[in-house]
Amino acid sequence: METGPVTPVVEARPMRVLVVDDERNIRTTLRVCLEGLGCEVREAATSDAALAALAQAPADLAFVDLRLGTASGLELLPRLLAESPTLDIVLITAYATFDTAVEAVRRGARDYLPKPFTPAQIRHLVDKTRAHRERGFQLDALAEQLAQSVPEATLETASPLMHAALALVTRAAASDAAVLLRGESGTGKGVLARTLHSLSARRRRPFVTVNCPTLSEQLLASELFGHVRGAFTGAVRDQPGRVEQAEGGTLFLDEVAEMSPALQAQLLRFLQEKQFERLGEGRTRRADVRVVAATNRDLEKDVAEGRFREDLLYRLNVIEVKLPGLRERPEDILPLARRFVTFFARTAQRAVPELSPATEAMLRAYAWPGNVRELRNAVERALIVWPAGVLEPQAFPERIAAATGSQVTLGGPHTLEEVEREHILRVLASVPTLDEAARVLGIDASTLWRKRKRYEAPPD
């Protein structure tokens, strides 16, 4: 059954324009013309005022006069672009020359407009800029889609629990509220975050992902908020962070519970005030970004144990979406498995094999502690090691066949060793590292290593 979320009917965000000219009449003329085109307009009479306005709130397009009193608009261009790398700039001047036009483009201007200009020329430039920006966002989205072109990125489901999660995501997309996606590892939180973005009014803006557990505290702070030259060893130039790259779009924080307390405080401030500073810089910047976070942790427990800020949890958890584990949506197991088989067979340029009845029964019976990700990896492995046209249970990892041969259930007729073995293998499959599994199980890593070595062999 295919779930077809309906895209909400939303208005595109108005283009934000900054007009920089030392002549009040020119600023007024441009404002009237641009507001008539549906733009949000701010004015600045000097270079410093223009930089201050851009620091206070981002812009999409700037009209900059060549002569700003005793200052030069050409010298202002690189400073504006350093503040906002995605800004489109049109240089306007009454002293138009070929050399000036070339120099303006060399310094980062996208276009050049001689005075006096007409409303039709302004409309043409606004339409041209809007089309350019939309093409850029579409190309970024296409590149991201191709990079993430994996078969689990599907909204097809027969599960009522998954239908409920998708329905909530669809409703949440119509707002700018923070969303917290909860679920075990491998349940598809990243896919749902991307779906939410694609359904929102921000869908033509960037979707930017930050994987919180993969970086040290300092590198994660730089990744999020950027840094200036000299902020730390190796910082050889100014670098905007992911927050700035996501301007106007969505920032996805994967496994947000892994953030340090200091970074949690910075994230809380950004959520409250939309303000941040690059590392090593005292200047406050602003960004218009919608935050979606994901976690596989019990954040309420982390709050009680002092590992996560309660106020940050409230800010992130405005809308909570819980994703079911694959064992809670058994009707989806075989359709997903067949999708994976088709995907990896085509990738390997081989005929698409079938699943034998024994294999289908095995896949349905297994608990899938690693969820959709574990199923994907198991099918990929099967197609590598099993060249035949029918995939038999022997093509799959031994732990799957072993676990389904005598499925362990709590309260059933099983020994404590059988229950321990099943639980340990499920936890190991659901977390990325041995240390994380040891933490979940409440034992030290060396003990877990010995148990894993014993339990990963098929039982007698």
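Structure values in brief
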item	result
For Asp65: the one exception among (1) farther than 29 Å from Glu281 by Cβ; (2) charged (D, E, K, R); (3) crowded, with 21+ Cβ neighbours inside 10 Å	(1)
Scan of the stretch 164-174 for residues that are in a helix (DSSP H, G or I) and of a type in the set (A, V, I, L, M, F, W, C), ordered by number	Ala164, Ala165, Leu166, Ala167, Leu168, Val169, Ala172
Subset of the stretch 358-408 that is of a type in the set (Lys, Arg) and in contact (Cβ under 8 Å) with a residue 24 or more places away in the chain - its residue that is least open to solvent (accessible area, probe 1.4 Å)	Arg376
Unique residue being among the basic types (Lys, Arg), within 26 Å of Gln56 (Cα to Cα) and at pLDDT below 95 when the list is Arg290, Arg307, Arg285, Arg297	Arg285
Any hit, the stretch 175-188, residues being part of a helix (DSSP H, G or I) and either touching a residue at least 40 places away in the same chain (Cβ under 8 Å) or out of contact with any Gly (no Cβ under 6 Å at 6 or more places or on another chain) (or both)	no
Inter-residue pairs, beta-carbon under 7 Å, first closer than 16 Å to Val228 by Cβ and in the stretch 70-91, second not hydrophobic (A, V, I, L, M, F, W, C), 6+ apart	Pro78/Arg107; Pro78/Gly108; Leu81/Gly108; Ala82/Asp238; Ser84/Pro58; Pro85/Pro240
Selection from the stretch 189-218 of residues that are more than 15 Å from the chain's Cα centre (by Cα) and either farther than 24 Å from Gln272 by Cβ or not in a helix (DSSP H, G or I) (or both)	Ala201, Leu215, Ser216
Complete set of residues in the stretch 227-283 that are open to solvent by 50 Å² or more (accessible area, probe 1.4 Å) and touching a Cys at 6+ places or on another chain (Cβ under 9 Å)	Glu258
Verdict on Phe252 being within 17 Å of the chain's Cα centre (by Cα), aromatic (Phe, Trp, Tyr) and part of a strand (DSSP E or B)	yes
Yes/no for Val352 being β-branched (Val, Ile, Thr), touching a helix residue (DSSP H, G or I) at 6+ places or on another chain (Cβ under 9 Å), open to solvent by 10 Å² or more (accessible area, probe 1.4 Å) and at pLDDT 90 or above	yes
The stretch 1-27 residues that are of a type in the set (S, T, N, Q), paired with ones that are modelled with pLDDT of 55 or more (beta carbon under 8 Å, 6 or more apart)	Thr3/Leu155; Thr3/Glu156; Thr3/Thr157; Thr3/Met162; Thr3/His163; Thr3/Leu166; Thr7/Leu199
Matching residues in the stretch 164-185 - criterion: being open to solvent by 10 Å² or more (accessible area, probe 1.4 Å) and closer than 21 Å to Val440 by Cα	Arg182, Gly183, Glu184, Ser185
Subset of the stretch 265-315 (residues that are under 24 Å from Ser198 (Cα atoms) and either more than 20 Å from the chain's Cα centre (by Cα) or not in a helix (DSSP H, G or I) (or both))	Lys274, Arg286, Ala287, Asp288, Val289, Arg290, Val291, Val292, Ala293, Ala294, Thr295, Asn296
Qualifying strands (runs of 3 or more DSSP E) (wholly inside the stretch 18-131; at least 1 residues being within 30 Å of Phe276 (Cβ to Cβ))	40-44, 61-65, 88-93
Scan of the stretch 364-382 for residues that are aliphatic (A, V, I, L, M) and either closer than 15 Å to Pro335 by Cα or modelled with pLDDT under 90 (or both), ordered by number	Ala365, Val372, Leu375, Ala378, Val379
Residues being polar (S, T, N, Q) and either at pLDDT 95 or above or within 17 Å of Leu199 (Cα to Cα) (or both) - total across the stretch 235-256	1
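The values are calculated or read from the model by the stated rules, or taken from the named source; none is laboratory data. All values derive from a computational prediction rather than experimental measurement. Cβ atoms come from the backbone with ideal geometry, glycine included; neighbour counts cover every protein chain shown. Side chains are part of the model used for accessible areas, which takes the heavy atoms of the whole protein and leaves out ligands, DNA and RNA. Shrake-Rupley method; radii C 1.70, N 1.55, O 1.52, S 1.80 Å.
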